[in-house]
Amino acid sequence: MIDFFNALHKRHATKHFNAALTVDEKDIEKIKESVRLSPSSYNLMPCRVIDVQDKEVRHELKTASFNQGQITDASHLFVFCSLNKLSSEYIQRVNHLREEIEGKERDHYKGYVEFLQNMVGKKSQDKLMHWNAKQTYIALGFAMMACASLSIDSCPIEGFDAAKYSQILKLSDKGLTPNVVLAIGYAEDGESLQRSPKVRLDTSDFFLDI
């Protein structure tokens, strides 16, 4: 495992994966754990990840991704999805889990649960979907940094037909909407050797003092 800032500098969006190389499952489990531990608003955890292992399905997804090679050549393919709804029962379930883990009495967070149920219930479906989708990008960032810290290459992909992904992966049946894809594996030697230094604006361009 490499230093955090070293990992930041080494991380690149890999365009060409070596299809012959597979990421060890122990490392995949660490990447999955980074997603599980990622933060979300009110800790409602609306992100779900489809780990697409079936090769035939990957080929179908490639067609729905404008034939980008990473979809089939990467060792692993994670499709980050968001929940289509946050029901009152789901919110209560999450907080019962919190009570259990924290050793609190049942319904210790009853008032907080009612606040969340009311707040979520007032959101339109469009606003809820947008809110939930944003949470998946937080999880994506954690997964990408986990990959980089393990010297594993990755590539986030937004260029795909969401409707076709939903159809191929039967996401509507699961109550999910696809937001972003992460290809995980090892870059071809040629790409690894030819990587240019990162191009970023100066810190002063990112941070504005008021």
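Numbers below:
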read-out: Residue, surrounded by the most Cβ atoms within 10 Å (Cβ to Cβ), within segment 36-46, restricted to residues that are outside any helix (DSSP H, G or I) and among the polar types (S, T, N, Q); value: S38
read-out: The lone exception for L176 - which of (1) touching a strand residue (DSSP E or B) at 6+ places or on another chain (Cβ under 7 Å); (2) among the aliphatic types (A, V, I, L, M); (3) at pLDDT below 95 it fails; value: (3)
read-out: Enumeration of residues in segment 34-47 that are within 17 Å of I184 (Cβ to Cβ) and not hydroxyl-bearing (S, T, Y); value: V35, R36, C47
read-out: Condition check for Q68: of a type in the set (S, T, N, Q) and not in a helix (DSSP H, G or I); value: yes
read-out: Hits in segment 86-138 (condition: within 25 Å of V181 (Cα to Cα) and polar (S, T, N, Q)); value: Q125, N132, Q135, T136
read-out: Failed item, numbered, when L83 is tested on (1) touching a residue at least 12 places away in the same chain (Cβ under 8 Å); (2) under 30 Å from M1 (Cβ atoms); value: (2)
read-out: First in segment 5-25 and farther than 15 Å from P156 by Cβ, second anywhere and β-branched (V, I, T) and surrounded by 15 or more Cβ atoms within 10 Å (Cβ to Cβ), Cβ under 8 Å, 6 or more apart; value: A19/T72; V23/I152; V23/I184
read-out: Residue satisfying condition, being assigned to a helix (DSSP H, G or I), hydrophobic (A, V, I, L, M, F, W, C) and within 24 Å of the chain's Cα centre (by Cα), within set V57, V113, V79, V49; value: V57
read-out: Residue among I91, I101, I157 that is surrounded by fewer than 15 Cβ atoms within 10 Å (Cβ to Cβ) and under 26 Å from E33 (Cβ atoms); value: I101
read-out: Unmet requirement for W131, which otherwise passes all of (1) of a type in the set (A, V, I, L, M, F, W, C); (2) surrounded by 18 or more Cβ atoms within 10 Å (Cβ to Cβ); (3) within 18 Å of K85 (Cα to Cα); value: (2)
read-out: Selection within segment 160-200 - part of a helix (DSSP H, G or I), surrounded by 14 or more Cβ atoms within 10 Å (Cβ to Cβ) and not β-branched (V, I, T); value: A162, K164, Y165, S166, K174, E191, S192
read-out: Complete set of residues in segment 34-66 that are more than 23 Å from F160 (Cβ to Cβ) and free of Cβ contacts under 8 Å to residues at least 24 places away in the same chain; value: R36
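The values are calculated or read from the model by the stated rules, or taken from the named source; none is laboratory data. Just so you know, these numbers come straight off a predicted model, no measurement behind them. For neighbour counting, all protein chains shown are included, and Cβ atoms are generated from backbone atoms with ideal geometry for every residue, glycine included.
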